[in-house]
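Reviewing the structure listed below.
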Amino acid sequence: MSLIATLARLEAVDTGRAQPLATVRHRHLTEHPLVFVPLTTAGEAGAPLGALVGTDRDAPRLLVVPQPRDRDLRFAFLAELAAVVLPYIDAYGQDVEAAERTETDPGTGKRVKVEVELCADAPQLIVPSRAGIEFVRLLGRSMRFRRTAEQEPEAPHPAPPHVPLLGRWLTHFGERARVPGSALLLALTDVLSRHWATGQSSLEDQHLGALLAWIDPPPLSDSLERGDPHERGDPHRASSGAEAALRAELQRDSRGQLLCPPAGPATDPAFDNKLLAPAIERYDRARTALAAAEDGLQADDRLGELTAAEREIRDLVESRTRPTWDAVWRGLDLLRALPEGTHAADRWTRDRWSFTGHRDRVLAGEPPQPRRDDAVTAANKLATREREQARLEAQEALDDPLVMAGRRLAGEAFAGEVTDVVMAYSESKRPSPRPLVTVRTDDRPHLAERAKVYRSLGGKPQAAEYVEGSYEEDGADTGGMSIVLRIIDKMGRGKEPETGSVPEKGDRVCFTLFEHEQRGGAKLPDPEDTPWTHGGPPGEATDPPADPVTEEDTL
């Protein structure tokens, strides 16, 4: 955690309000995101109980599994989910635009530019919290290898059509969510926590209701109207973040149920024991009675009881998911009030490339993603995430002065006023301009001898070399510092620097010790050329053990 974030949390505790960590929005939000609020059954990982899903905040689609242990009902839930999600995804795959991509020519081995299709936009999936992302990944893993009746007519439990396809897409969304800066699948609590600091722990920030209570606490009159006996004083004053967060986490109604349920997919034990378990038991009894009905009149009565029991479960699921659904849209409104950062569009373009690539693989009939990546694919994914993490940190600092302030406090950047500019040239057969720029700053950058620093010039990084630095008369602890830099590029090819390429006396400048653009790492071999030290090529048979197990090896 940076010093700025620590100070913001301390100020949030002191003021009772969440403090901004950013002045711009560092994640792209589409006009019509698909919000997904899942609910799972306690005691069984990945067993869906229900969900609210849709793009219209006033008309969500409610999906319910009345008996989560019933495989057929769970498949029906997944089929309904596919009927909502897949058309939303397909709509973005139709509108494309021409784009250029650099590829390796197999004949010559040279890098050439080819014209390809790029989707004009991409779908965006929003879940309430980080646990929702893990549930999406779990759903994708459990669905993408299912076989349908068309693929295996004799399968004992065939999956409904389009369920494996939905699993492949959810797996792609889940994998993309692991790439820093990606916005295809977002956990709202993570995005809000990136832009505001609260007075509670990061774990407590995963409760969406408590997080929103710190950022935008409701007036005390709302608590008094709900009958909160612990509140006293002026009912019209705004409650503090700590008070509002405590109410969001603990306040219950007359039946002992949370007024602000946790932001899924887990449920509250009081809800499971007092409401859900009896309702499912009544549903099971009604279904058993319907199966045992002896005549049509009795079957009609039993069907009415089954319908009423199912409706009761639907009402219970909606009562747990609707508050979170409304909270998600409220959080999106808060984020949309911030202007989007400059580089957020660039990161969204990489998401569009990722979406287009997976669309092409699906249309080409390629098999689903493997259960376990081979050594080369895993190394490539790890390298990509490391590179994107460094790029994200650099871009956020360049887009946001508040983020840059944190880097300056850490000694990774410095800002100040240009006090002197001396023109100098390199010592070569064709001298090039190498002007010396003196910057007076109050920051304390960690500069080593001949260290390179960078500043943004027209959206491109301009490099400079540290020459020397000296403190003012007040000393290194309190006084300012004068830093001499040698500009070494982005000045044109002429003998004189191009206009605007060299800072002038009196300009305010900001230099960073970190690079603005990340370089690619060493090229890895193709998967079929995986060395034996890393398991050999994918699918290669392993050698038998040198020493087979004998009777003496076991007790």
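Evaluate the following for residue 192: is it outside any loop (DSSP other than H, G, I, E, B) and modelled with pLDDT of 90 or more? Criteria met by residue 192.
Screening residue 342 on (1) free of Cβ contacts under 8 Å to residues at least 24 places away in the same chain; (2) surrounded by 14 or more Cβ atoms within 10 Å (Cβ to Cβ); (3) closer than 30 Å to residue 91 by Cβ shows it passes everything except condition (1).
Residue 111 meets the conditions (1) in contact (Cβ under 8 Å) with a residue 12 or more places away in the chain; (2) under 21 Å from residue 350 (Cβ atoms); (3) over 25 Å from the mean Cα position of the chain (by Cα) in every case but one. The failed one is (1). Only one entry of 17, 9 meets the criterion of being in contact with a Phe, Trp or Tyr (Cβ under 9 Å, 6 or more places away or on another chain), farther than 25 Å from residue 182 by Cα and charged (D, E, K, R), and that entry is 17.
Each row is one residue, and each column tells you yes or no for (1) of a type in the set (Gly, Ala, Ser); (2) out of contact with any strand residue (DSSP E or B) (no Cβ under 6 Å at 6 or more places or on another chain); (3) in a helix (DSSP H, G or I).
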residue	(1), (2), (3)
9	no, no, yes
36	no, no, no
52	no, no, no
56	no, yes, no
59	yes, yes, no
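Number of residues in region 426-457 that are of a type outside the set (Lys, Arg), over 12 Å from residue 487 (Cβ atoms) and free of Cβ contacts under 8 Å to residues at least 12 places away in the same chain: the value is 2. Counting only strands (runs of 3 or more DSSP E) that sit wholly inside region 459-555, those with at least 1 residues that are modelled with pLDDT under 90 and of a type in the set (S, T, N, Q) are 460-471. Quick check: anything in region 254-271 surrounded by 20 or more Cβ atoms within 10 Å (Cβ to Cβ), of a type in the set (Val, Ile, Thr), in contact (Cβ under 8 Å) with a residue 12 or more places away in the chain and in contact with a strand residue (DSSP E or B) (Cβ under 9 Å, 6 or more places away or on another chain)? For region 254-271, residues surrounded by 20 or more Cβ atoms within 10 Å (Cβ to Cβ), of a type in the set (Val, Ile, Thr), in contact (Cβ under 8 Å) with a residue 12 or more places away in the chain and in contact with a strand residue (DSSP E or B) (Cβ under 9 Å, 6 or more places away or on another chain): present. Name the single residue, out of those in region 130-158 being touching a residue at least 60 places away in the same chain (Cβ under 8 Å) and out of contact with any Gly (no Cβ under 9 Å at 6 or more places or on another chain), that is farthest from residue 40 (Cα to Cα). Result: 157.
Can you tell me which condition residue 355 does not meet? The list is (1) modelled with pLDDT under 95; (2) assigned by TED's automatic domain parsing to the domain that holds residue 143; (3) of a type outside the set (Asp, Glu), and all the others hold. Failed condition: (1).
Can you name the residue in region 190-214 that is out of contact with any Asp or Glu (no Cβ under 8 Å at 6 or more places or on another chain) and hydroxyl-bearing (Ser, Thr, Tyr) and, of all such residues, is surrounded by the most Cβ atoms within 10 Å (Cβ to Cβ)? Per the criteria, the residue is 202. The set of residues in region 152-180 being assigned to a loop (DSSP other than H, G, I, E, B) and either at positive phi or touching a His at 6+ places or on another chain (Cβ under 9 Å) (or both) consists of 162 alone.
Criterion first (at pLDDT below 90, basic (Lys, Arg) and at negative phi) does residue 232 satisfy it? Considered against the rule, which asks whether it is at pLDDT below 90, basic (Lys, Arg) and at negative phi, residue 232 comes out as yes.
Among the candidates 66, 106, which residue alone is closer than 30 Å to residue 155 by Cβ and assigned to a loop (DSSP other than H, G, I, E, B)? I'd like the intermediate steps shown before the answer.
Working: 106 fails: closer than 30 Å to residue 155 by Cβ.
Selected residue: 66, the only one of 66, 106 that is closer than 30 Å to residue 155 by Cβ and assigned to a loop (DSSP other than H, G, I, E, B).
Restricting attention to region 69-97, the residues being charged (D, E, K, R), within 25 Å of the chain's Cα centre (by Cα) and part of a strand (DSSP E or B) number 0.
Inspection of region 382-402 identifies no residue that is touching a residue at least 12 places away in the same chain (Cβ under 8 Å), farther than 29 Å from residue 90 by Cα, part of a helix (DSSP H, G or I) and among the β-branched types (Val, Ile, Thr).
Filtering region 487-500 down to residues that are surrounded by 17 or more Cβ atoms within 10 Å (Cβ to Cβ) and not hydrophobic (A, V, I, L, M, F, W, C), which residue is nearest to residue 426 (Cα to Cα)? It would help to see each step written out before you state the result.
Going residue by residue through region 487-500, those that are surrounded by 17 or more Cβ atoms within 10 Å (Cβ to Cβ) are 487, 490-491, 497.
If we keep only those that are not hydrophobic (A, V, I, L, M, F, W, C) too, we end up with 490, 497.
Working: 490: 15, 497: 13 Å.
The selected residue is 497.
When region 415-443 is limited to residues that are under 23 Å from residue 398 (Cβ atoms) and surrounded by fewer than 16 Cβ atoms within 10 Å (Cβ to Cβ), the one that is nearest to the chain's Cα centre (by Cα) turns out to be 442.
The values are calculated or read from the model by the stated rules, or taken from the named source; none is laboratory data. If you're wondering where the values come from, they're calculated on a predicted model, not measured in any experiment. Neighbour counts are summed over all protein chains in view; Cβ atoms, including those assigned to glycine, are modelled from backbone coordinates with ideal geometry.
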